[in-house]
Amino acid sequence: LVGGRGVGFDFAGVVEDVPPGVSTFKRGDAVYGTVPIAHGSFAQFVKTPLHQIAHKPAHLSFAEAAALPLVGITAVQALTQSNSLKPGEHLLLIGASGGVGHVAIQVAKALGARVTAVCSGRNSALVSQLGADFLVDYTAGETAIKRQLDVAVQKVGRPFDLCLDCVFSFESKDQQIPYESLVRENNLLQGKYVTIGGGTPDWLRAGVRRTLGFNLFPKDRELFWIVFPHTSEALAQLAAWADAGKLRPRVASEVPLEIGAVRQAFANLHGRRVVGKQVLRV
């Protein structure tokens, strides 16, 4: 517990017990999913609603399955339910080697989209392997980034239809490169610019949209906030893609359930250099 609240959302494991009358799952089934907010998944046993789990992808290990739910649901909702990315459309993905980013590449490709992925040069081989059509090395500087984006747009023959920025947050270190102005001012984006992080004003707008249904964002920009509960359908879709060989999360490391190891894992996460996902092994 941290401040009296449970830590962790994702999990994968084996069913220990189910409520009376439930036929979709039984004791011994391999499942994966998320727990309700503040309940915490960093534990030997978790209790969660049926609408937040699905059968574990048969082609993924338990560690890989545990790495998938939160980032996978985020990618599915952001690209399909919120923005309807279509086959043949062009996605600009910023932060392509991180937790959400490396799964979003594969989700976008499964949807039939073209993907231009922004990452560091040292992660370009992985990102290319995941299916990115074009790569942009953010360490090359703004002028080079703009040139690489121009090339991607020219080769695809259309501007970006959607941008999913998995880097932008309230912290200054995540705002060092002005990606939004780069694509807007150079007419490289004809659709919406979506972030999964931001400052207080954006979170307030997202909160109003989520609770009251009023959209206070400009029509071409939004902060995406994952929607819970009832995520079993998205989990089932992710499992289908995984079992079809179209999706596999990358496990950066497996961490034992020990205080020191968990603290180090969080330090690694806040350092913004984790490629893929860290998984806690119980």
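Brief remarks on what is shown
- Residues within the range 203-231 that are hydrophobic (A, V, I, L, M, F, W, C) and open to solvent by 70 Å² or more (accessible area, probe 1.4 Å), tallied: 7
- Flag if Lys155 is within 11 Å of His90 (Cβ to Cβ) and either in a helix (DSSP H, G or I) or among the acidic types (Asp, Glu) (or both): yes
- Flag for Thr200 being exposed (fewer than 12 other Cβ atoms within 10 Å of the Cβ), in contact with a Phe, Trp or Tyr (Cβ under 9 Å, 6 or more places away or on another chain) and either modelled with pLDDT of 95 or more or on the phi < 0 side of the Ramachandran plot (or both): yes
- For Gln81: the one exception among (1) closer than 17 Å to Phe160 by Cα; (2) modelled with pLDDT under 95; (3) not aromatic (Phe, Trp, Tyr): (1)
- Matching residues, the range 40-64, being in a loop (DSSP other than H, G, I, E, B) and closer than 20 Å to Asp243 by Cβ: Lys56, Pro57, Ala58, His59, Leu60, Ser61
- If the condition is being closer than 22 Å to Ala125 by Cβ, free of Cβ contacts under 8 Å to residues at least 60 places away in the same chain and surrounded by 14 or more Cβ atoms within 10 Å (Cβ to Cβ), then the range 232-277 contributes Ala252, Ser253, Asn268.
- Hits in the range 98-113 (condition: of a type outside the set (A, V, I, L, M), at pLDDT 95 or above and closer than 19 Å to Tyr179 by Cα): Gly101, His102
- Checked against the criterion of being under 13 Å from the mean Cα position of the chain (by Cα) and not in a strand (DSSP E or B), the candidates Ile37, Ile73 yield just one match: Ile73.
- Pairs where the first residue, in the range 192-219, is more than 15 Å from Gln175 (Cα to Cα) and the second is surrounded by 12 or more Cβ atoms within 10 Å (Cβ to Cβ) and β-branched (Val, Ile, Thr), C-beta under 7 Å, 6+ apart: Phe214/Val208; Leu216/Val208
- Just one of the listed residues (Val115, Val167) is farther than 26 Å from Asn215 by Cα and either open to solvent by less than 60 Å² (accessible area, probe 1.4 Å) or under 20 Å from the mean Cα position of the chain (by Cα) (or both), and it is Val115.
- Boolean, Gln190 is out of contact with any Leu (no Cβ under 8 Å at 6 or more places or on another chain) and in a strand (DSSP E or B): yes
- Among the residues making up the range 1-34, those that are in a loop (DSSP other than H, G, I, E, B), within 19 Å of Leu235 (Cβ to Cβ) and open to solvent by less than 30 Å² (accessible area, probe 1.4 Å) are Gly8, Val15, Phe25, Asp29.
- Selected residue (only one of Val194, Val208, Val227, Val251 is under 15 Å from the mean Cα position of the chain (by Cα) and more than 30 Å from Ala58 (Cβ to Cβ)): Val194
The values are calculated or read from the model by the stated rules, or taken from the named source; none is laboratory data. All values derive from a computational prediction rather than experimental measurement. No Cβ is skipped: glycine too gets one built from the backbone with ideal geometry, and neighbour counts run over all protein chains shown. Surface accessibility is based on the protein's heavy atoms, side chains included, excluding ligands, DNA and RNA. Shrake-Rupley method; radii C 1.70, N 1.55, O 1.52, S 1.80 Å.
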